[in-house]
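The values are calculated or read from the model by the stated rules, or taken from the named source; none is laboratory data. Computed from a prediction, not measured in an experiment: that's the story for all the values here. Cβ placement follows ideal geometry from the backbone for every residue including glycine, while neighbour counts extend to all protein chains displayed. Surface accessibility is based on the protein's heavy atoms, side chains included, excluding ligands, DNA and RNA. Shrake-Rupley method; radii C 1.70, N 1.55, O 1.52, S 1.80 Å.
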Amino acid sequence: ALRCAAKPDSRVPSTYNGSMRSPRRACRGGAFGAPGAGGIALTKRIFGERTGDLVTRFPHWFCGNFAVFAEKEDMQPFDQHQLAALMAPRPLMATSGTEDLWADPHGEFLTLQAAAPVYALLGAKKPLDAEEWPKSGKLINSPLGYYLRKGGHDTVLEDWKAMVSWAGRQLKYSG
């Protein structure tokens, strides 16, 4: 499935959708740990879902040591862009809704921007084909893909269409 973990095969893409209950699934296949916060947005940006929110509401998602960083995200020795970079050179996509401030759609895009240099180092010609955060409805169809739609914390048909279109291009499917 598109939303499942990427395999070690660089031809297999992985997607992250802002509404996934466990977005770590998308990163775990290529990286070997869980992101901080609950998604792919930069944790140290201190916006939306915070570490304290997660360890209070969903303690079963994390090891006990993660609670040390509640309200101290700036002290974490890592951030989401480093885990996203561990996916390189495998394609990685993030999707989100404009009203899903808990997932921080702009922070998700910033994560992809920060991971792009590693993708470039490993041979991606244009790892993220956008210099600025795109308006909703525009698919960024590059190895680091991004799609923002109007709406909230959900996965809707529009997300699936964007993910399938993106994966088709990344897999060079012409059917």
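Taking a 1.4 Å probe, which of Glu108, Glu131 shows the most accessible area, and what order do the others take after it?
Glu131, Glu108
What figure, in Å² to the nearest 10, do you get for the accessible area of Asp154 with a 1.4 Å probe and non-protein molecules left out?
For Asp154, the solvent-accessible surface is approximately 80 Å².
Taking K and R as +1 and D and E as -1, what net charge do the other residues with C-beta under 12 Å from the C-beta of Tyr119 add up to?
Summing Lys/Arg as +1 and Asp/Glu as -1 gives +2.
So what's the net charge close to Leu148: Lys and Arg +1, Asp and Glu -1, counting the other residues with Cβ under 9 Å from its Cβ?
Spelling it out: positives minus negatives among the neighbours equals +3.
Evaluate the Debye formula for segment 66-119 with equal point scatterers sitting on the alpha carbons, no solvent, and hand back log10 of I(q)/I(0) at q = 0.16, 0.19, 0.25 Å⁻¹, in q order, two decimals.
-0.57, -0.77, -1.02
Can you work out the Karplus-derived ³J(HN,Hα) for every residue in segment 66-75? Use 6.51 cos²θ - 1.76 cosθ + 1.60 with θ = phi - 60°, whole Hz, and x for glycine or proline.
So the Karplus estimates, Gly and Pro as x, are 5, 4, 4, 8, 4, 6, 9, 4, 5, 8 Hz.
So how much accessible area does Val164 have, in Å² to the nearest 10, using a 1.4 Å probe?
90 Å²
What pairs from Lys135/Lys161; Lys126/Lys172; Lys44/Lys161 go past 23 Å between their alpha carbons?
Lys44/Lys161, as the Cα separations exceed 23 Å there.
Any idea of the accessible area per residue across segment 88-147, 1.4 Å probe, to the nearest Å²?
With the other protein chains kept in place, segment 88-147 gives 44 Å² per residue.
Show Leu83, Leu101 ordered by accessible area, largest first, where the area counts protein heavy atoms only and the probe is 1.4 Å.
Leu101, Leu83
For Trp61, Trp166, what's the largest-to-smallest order of accessible area, 1.4 Å probe?
Largest accessible area first, the residues go Trp61, Trp166.
Just the accessible area for Phe58, please: 1.4 Å probe, Å², rounded to the nearest 10?
We get 60 Å² for Phe58.
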